[in-house]
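Everything below concerns the one structure shown next.
The values are calculated or read from the model by the stated rules, or taken from the named source; none is laboratory data. The model shown is predicted, which means the values in this text are computed figures rather than measured ones. Using ideal geometry, Cβ is built from the backbone for each residue, glycine included, and neighbour counts are taken over all protein chains shown.
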Amino acid sequence: MYKTVAIIDGMMCGTCEAHVNDAIRAALSVDKVKSSHSKGETTIIADAAFSEDEVKAALAETGYAVLGVESAPYEKKGLFGGGAR
């Protein structure tokens, strides 16, 4: 699993967050996506890491600008995700 965080410019409200989330889900194979207009970022959890170009392509027709992307291995926290038992 990988966690990809994209810095997104242009999100102003919860509806913007939903538009970004929907575009990401439609274009990329993700397990979870969550956007925050107040932080200006979108967090994607998926089996693969995504490049900046992939995220830009997913959002190309939305009007939001991708300013940067970082991906790192992700371990699900909790009882069954590698956490303490």
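Being surrounded by 12 or more Cβ atoms within 10 Å (Cβ to Cβ) and in contact with a helix residue (DSSP H, G or I) (Cβ under 9 Å, 6 or more places away or on another chain) is the requirement here; does Gly63 meet it?
Against the criterion (surrounded by 12 or more Cβ atoms within 10 Å (Cβ to Cβ) and in contact with a helix residue (DSSP H, G or I) (Cβ under 9 Å, 6 or more places away or on another chain)), Gly63 does not qualify.
If I filter segment 70-78 for residues that are outside any helix (DSSP H, G or I), of a type in the set (Phe, Trp, Tyr), surrounded by 12 or more Cβ atoms within 10 Å (Cβ to Cβ) and under 10 Å from the mean Cα position of the chain (by Cα), do I get at least one hit?
We begin by selecting, within segment 70-78, every residue outside any helix (DSSP H, G or I); these are 70-78.
Going one step further and asking which of them are of a type in the set (Phe, Trp, Tyr), we end up with 74.
Narrowing further to those that are surrounded by 12 or more Cβ atoms within 10 Å (Cβ to Cβ): 74.
Pick out the ones that are also under 10 Å from the mean Cα position of the chain (by Cα) and you get none.
Taking every residue of segment 70-78 in turn, none turns out to be outside any helix (DSSP H, G or I), of a type in the set (Phe, Trp, Tyr), surrounded by 12 or more Cβ atoms within 10 Å (Cβ to Cβ) and under 10 Å from the mean Cα position of the chain (by Cα).
Which of the residues spanning segment 4-28 are outside any helix (DSSP H, G or I), surrounded by fewer than 17 Cβ atoms within 10 Å (Cβ to Cβ) and either free of Cβ contacts under 8 Å to residues at least 60 places away in the same chain or not aliphatic (A, V, I, L, M) (or both)?
Listed by number, the residues that qualify are Asp9, Gly10, Met12, Cys13.
Are any residues in segment 29-50 free of Cβ contacts under 8 Å to residues at least 40 places away in the same chain and either in contact with a strand residue (DSSP E or B) (Cβ under 7 Å, 6 or more places away or on another chain) or charged (D, E, K, R) (or both), and if so, which ones? Steps first, answer last, please.
To start, the set of residues in segment 29-50 that are free of Cβ contacts under 8 Å to residues at least 40 places away in the same chain comprises 29-42.
Hits for segment 29-50 are Ser29, Val30, Asp31, Lys32, Val33, Lys34, Ser35, Lys39, Gly40, Glu41, Thr42.
Are any of the residues in segment 29-49 hydroxyl-bearing (Ser, Thr, Tyr), in contact with a Phe, Trp or Tyr (Cβ under 8 Å, 6 or more places away or on another chain), at pLDDT 95 or above and surrounded by fewer than 17 Cβ atoms within 10 Å (Cβ to Cβ)?
For segment 29-49, residues hydroxyl-bearing (Ser, Thr, Tyr), in contact with a Phe, Trp or Tyr (Cβ under 8 Å, 6 or more places away or on another chain), at pLDDT 95 or above and surrounded by fewer than 17 Cβ atoms within 10 Å (Cβ to Cβ): absent.
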